[in-house]
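Presented below is the structure to which this report refers.
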Amino acid sequence: MVNNAVKPLTVCIIMGVSGSGKTTIGAAVSAKMDWSFVEADDYHPKENIDKMSQGMPLTDEDRWPWLSAIHQAIQDHLANNRSVVVVCSALKESYRKVIQGELDAQWFYLKGTYELIYQRMQARAHFMKPEMLKSQFETLQEPTDAFILDIHHPKEYLIREVVQSLS
């Protein structure tokens, strides 16, 4: 008997504060699964990037259109019959609700200490300045319904954990 069942599409969202490794882990998972990849930073309006580049944290009002754009990007990939890996800070529960909307999603939270992440941020070039990390931790509402991944583990381990959870 041939199984012609179509595998359901999957939405994988990897979240955490800036510098936690979302892009590295998400891009690798996307490649291993042969799924689409959405980098939430690519959906920031210029005004948000300018603000963060000047060391100013975003407000909720700055974030709502950005979060809606991420949700729309997910819907677009699903409409094109593509499972998708999304990487986004998604710091608050209310942000996660906008991103996910009515969709089913599997959430992965990259959790690490302020000290480790600050050290990582100092070693990279990004519009999000290391000095703004404190505001990210202050805003963060840790999820209660996500698979928690300790970023002290090597990235290969974290990638394998996400892929195994999605398979």
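The values are calculated or read from the model by the stated rules, or taken from the named source; none is laboratory data. Keep in mind that what you see is a predicted model, and the values were worked out from it rather than measured. We place every Cβ from the backbone using ideal geometry, glycine too, and count neighbours over all the protein chains shown. With ligands, DNA and RNA removed, areas are computed over all heavy atoms of the protein, side chains included. Shrake-Rupley method; radii C 1.70, N 1.55, O 1.52, S 1.80 Å.
Contact order for the chain, expressed relative to its length and based on alpha carbon pairs under 8 Å spaced 6+ residues apart, stands at 37 percent.
Modelled this way, with points 7 Å down the Cα-to-C-beta line, the labels at VAL98 and TYR114 are 2.6 nm from one another. Pairs from the table (LYS22/LYS46; LYS51/LYS155; LYS51/LYS97; LYS32/LYS134) lying more than 26 angstrom apart at Cα are LYS51/LYS155; LYS32/LYS134. Packing, taken as the mean count of other beta carbons within 10 Å per residue, orders the peptides 15-22, 150-157, 72-79 from highest to lowest as 15-22, 72-79, 150-157. This model, with +1 at the C-beta of Lys and Arg and -1 at the C-beta of Asp and Glu, gives the stretch 2-110 a dipole about its Cα centre of some 320 debye.
When DSSP beta bridges are restricted to pairs lying wholly in the chain, around 0% turn out antiparallel.
One decimal place: the segment SER53-GLN141 gains 29.3 nm when fully extended, by the rule 0.36 nm per residue minus the C-alpha distance. Ligands, DNA and RNA left out, the 1.4 Å accessible surface of the chain is 51% carbon and sulfur atoms. What the Cα convex hull of the chain gives, in volume per residue, is 119 Å³. Axis of helix 22-33 versus longest Cα principal axis of the chain: the two differ by about 10°, to the nearest ten degrees.
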